[in-house]
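Take a look at the structure below.
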Amino acid sequence: MNFDIIVVGSGPGGYVTAIRAAQLGYKVAVVERESLGGICLNWGCIPTKALLKSAQVFNYIQHAKDYGITVGESAVDFDVVIRRSRDVANGMSKGVSFLMKKNKITVIMGTAKLMAANTVEVTDADGKKTNYQAPHIILATGGRSRELPQLRQDGQKIIGYREAMSLKTAPKSMVIIGSGAIGVEFAYFYHSIGTKVTLVEYMPNVVPIEDEDVSKELEKQYKAMGITVLTNTTAEKVDTTGKNCQVSLKNNGTGATQIVECDVVLSAVGVTPNTENLGLETLGIQTDRGFVITDEYYHTNVTGVYAIGDIIRVNNAPHPALAHVASAEGIICVEKIAGHHP
């Protein structure tokens, strides 16, 4: 089957790109291997904000007297909180499905691989392979939880963000390794519902890519809430052989070591691009440490193949892994294809 544009991935980069391309009159297909909306809508930005809202409401109730309001006893129903978060995510994914139909975009479920500059092979859930052609192919496959050698995720005792959003019961204690957006959000959520949280950051400041003033204020607030914050600290290893996890930590400045015991370790040390097994090597698409190199209009070094979002480095420069950035890049990309001057 032939299209004008095939978009691989349906996150905020992919689905927005597809919609803009359809608006410009192109015949468009989107290939998605899991759920429409990608990580952001299903396992990232949206469901985490639903969890944070539940935590915020509970915190307000706990401090109702500060607002002149008297309430009765309150408690967290963890299962319902998690279920609400998943329902919100599922609703958003269905919304993307509606937008695909409304804009007459073909959705192809399966795993994509580039076979040529104009050909995508899609393997469906049953293993059937089908080739689709288009003169323009846009890669928007996003990222996933990054794993460190000493923090291999087993989905039980050492978990990533997905498991953190779908645990069956709230852990009594948790060590969170990494204090970027993912780490600090889960620290707030789990602390709010009663989990004893230790937040570990390798750099001198939490949220290290933010302004130092923001970092200092956030650390101050978290410590005041009762979250243990350990900056300038390395997680050297995690022993999961016993009933609980034994996390070995070392202060990068003094060299002092300590062991923190917890029920669960959440690895939140960033994301890595989903570029394996895409066929990049077959086509000779330029990459750097797994990231696809593009120009300012998101064209790769191979004619007809483009990339946007978390998987790219524009002219090999650092690139923010943010949903709205991916959306804007997709719009610029297809408008350039259409001969516009975005």
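The values are calculated or read from the model by the stated rules, or taken from the named source; none is laboratory data. Since we're looking at a predicted model, the values are computed, not measured. Quick reminder, even Gly has a Cβ in these numbers, built from the backbone with ideal geometry, and neighbours come from all protein chains shown. These area figures cover heavy atoms from the full protein model, side chains too; ligands, DNA and RNA do not enter into them. Shrake-Rupley method; radii C 1.70, N 1.55, O 1.52, S 1.80 Å.
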CD proxy, 222 nm, the chain: helix-only mean residue ellipticity via -39,500 (n - 2.57) per DSSP H run with n ≥ 4, per residue, nearest 500, stands at -10000 deg cm²/dmol
How far, in nm, would the chain grow between Lys129 and Arg86 when pulled straight, counting 0.36 nm per residue and subtracting the alpha carbon separation?
12.4 nm
Listed by chain and number, the residues whose amide H is under 5 Å from that of Arg313, excluding neighbours fewer than 5 places away on the same chain and using placed H, are Val292, Ile293, Thr294
For Lys196, residues with placed amide H under 5 Å, excluding near neighbours:
Ser173, Met174
Amide H contacts under 5 Å for Phe3, placed H, 5+ residues apart:
Gln133, Ala134
Distance in nm between pseudo-label sites at Arg146 and Gln56 (7 Å out along the Cβ direction from Cα)
2.8
Which of the helices in the chain, when you take each full DSSP H run, stretch at least 15 Å along the axis at their Cα atoms and have an average Kyte-Doolittle score of 0.5 or higher?
181-192, 323-337
May I ask for the distance between the Cα centers of the stretch 134-169 and the stretch 317-342, given as a whole number of Å?
24
Need one word for the chain: rounded, prolate or oblate. Basis is the Cα gyration tensor (sqrt eigenvalues a ≥ b ≥ c); a/c below 1.5 gives rounded, then a/b vs b/c decides.
prolate
Given a Förster distance of 45 Å, the FRET efficiency implied by the Cβ-Cβ spacing of Asn244 and His341, rounded to the nearest 0.05, works out to 0.15
Within 10 Å, count the other beta carbons around each residue, average over each peptide in 25-34, 96-105, 176-185, and list them highest first.
176-185, 25-34, 96-105
Translational diffusion coefficient of the stretch 259-342 at 20 °C, 1.002 mPa s, Stokes-Einstein with Kirkwood Rh over Cα pairs, in µm²/s as a whole number.
149
Mean Cβ-within-10 Å packing, highest first, puts peptides 5-17, 107-119 in the order 5-17, 107-119
Among 219-232, 155-168, 35-48, the order from most to least packed when residues are scored by Cβ within 10 Å on average
35-48, 155-168, 219-232
Net length gained if the chain between His63 and Thr106 were fully extended (0.36 nm per residue, minus Cα distance):
10.5 nm
In whole Hz and in residue order, list the ³J(HN,Hα) couplings for the stretch 288-305 that follow from phi through the Karplus curve 6.51 cos²θ - 1.76 cosθ + 1.60, θ = phi - 60°; x for Gly and Pro.
9, 6, x, 8, 7, 8, 10, 8, 5, 10, 6, 8, 7, 6, 10, 4, x, 10
Given a 1.4 Å probe and the protein chains all in place, what does the accessible area of Asp213 round to, in Å² to the nearest 10?
120
If the chain between Val302 and Lys94 were fully stretched, how many nm would it gain, using 0.36 nm times the residue separation less the Cα-Cα distance?
71.5 nm
